[in-house]
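To keep things clear, I will list the structure first and then write my remarks on it.
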Amino acid sequence: MSDLLVDDPRPGVRRLTLNRPEKRNALDNALRGDIFEALRAADRDDTVHVTVLRGAGPCFSSGYDLSSDLKADRPSYTPAGDGTWARHVTDGWLSLWDLAKPVIAQVHGYAMAGGSELAAACDLVYLADDATISHPVLRVAGTPDFSVHPWLVGVRNAMEMVLTGDAMDAAEAVRTGYANRSYPADELEDLVLAVAERIAGVPHELLQLNKRWVYRAMDAMGARTAIRAAADIGAIAPHVPAIRENLADLRGRIKDAASEGSATD
């Protein structure tokens, strides 16, 4: 079965479902590539006006799949060197801003690390009331790969997020501006589709113009320059002794977990 399911639940609405529930929808390079290709296909399809992105199983996404080889078969080329991964994923997530048609993140359970970055890159974000947003790597391994936080939640909230690494519940995510709204979990799908239907009732040519001018305003405020600069700052992190130790310990735990999983398969 495909790791990405595609359907059209309402007229003008395309829906993409991350379908690795056994991996908590962890983002390996193949899945990220499938997401980008499906979004580009929706952009080229005149019958599609808006895309909804959601996860199968207990959560939206647990983040990047650290058990996979993230150096191999990347969806796009990024020059090598320190910070190459952060630059690579940043370029990918920023490409969602440049799509003609809006993308809605429908988040239930949790969106962690790279999963929270994917949701943040979408144009609209709707959460289940019991959903959480977290980036635990901030406590052990350095800066986020996609450093969009100040532009979404403001400097004070962004500072608290990155200095503590604490998770946000849905109410806090809405209050700070990370998400648009939260809904009861059993109503999330229907209410997101209702929003998508309202958007789909607008000509896609007009949607493109309105989406573009909002991101042009972000560009005028220096958002892309600052986000890309953060990837270069983050390249310092692996050279810090304490972070090197944390990363070595993290890799060891992942290797052990993978070995235990193979032994029980």
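Relative to its residue count, the stretch 4-261 spans a Cα convex hull of 122 Å³ per residue. Working ranking of peptides 208-217, 150-159, 170-179 by packing, defined as the average number of other Cβ atoms within 10 Å per residue, highest first, is 170-179, 150-159, 208-217.
Would you work out the charge dipole size for the stretch 4-261 about its Cα centre, treating the Cβ of every Lys and Arg as +1 and the Cβ of every Asp and Glu as -1, and quote it to the nearest 20 debye?
Numbers: 28 positive and 36 negative charges, 120 e Å.
For this selection, approximately 580 debye.
Computed from Cα positions, the angle between helix 223-234 and the longest principal axis of the chain comes to roughly 20 degrees. Roughly how tilted is helix 188-200, in degrees to the nearest 10 and between 0 and 90, from the longest Cα axis of the chain? For 188-200 against the chain, the angle is about 60 degrees. Where both bridge residues fall in the stretch 4-261, DSSP classifies roughly 25% of the beta bridges as antiparallel. Label zone of Ser2 (point 7 Å out along Cα→Cβ, amide N under 13 Å): in the stretch 54-74 this covers no residue at all. Annotation: amide H of Leu4 within the under-5 Å range of Asn19, sequence separation 5 or more or interchain, hydrogens built in the peptide plane.
Ranked from highest to lowest mean number of other Cβ atoms within 10 Å per residue, what is the order of the peptides 66-72, 55-61?
Most protected by this proxy first, the peptides run 55-61, 66-72.
Quickly rank 27-36, 222-231, 112-121 as a protection proxy: mean count of other C-beta atoms within 10 Å, highest first. Walk me through the numbers on the way to the answer.
On the way: 27-36: 20.0, 222-231: 16.3, 112-121: 25.3.
Ranked by mean Cβ neighbours within 10 Å, highest first: 112-121, 27-36, 222-231.
Helix 29-44 axis versus longest C-alpha principal axis of the chain: approximately 20°, rounded to the nearest ten. Distances between placed amide hydrogens fall under 5 Å for Asp28 paired with Asp65, all partners being 5 or more residues away or on another chain. Counting lysine pairs in the stretch 4-261 that sit 8 or more residues apart in sequence, or on different chains, and whose Cα atoms lie under 25 Å apart gives 4.
Where a number appears in this text, it was derived from the coordinates with a stated rule and is not lab data. Computed from a prediction, not measured in an experiment: that's the story for all the values here. Note that we place each Cβ from the backbone using ideal geometry, even for glycine, and neighbour counts take in every protein chain shown.
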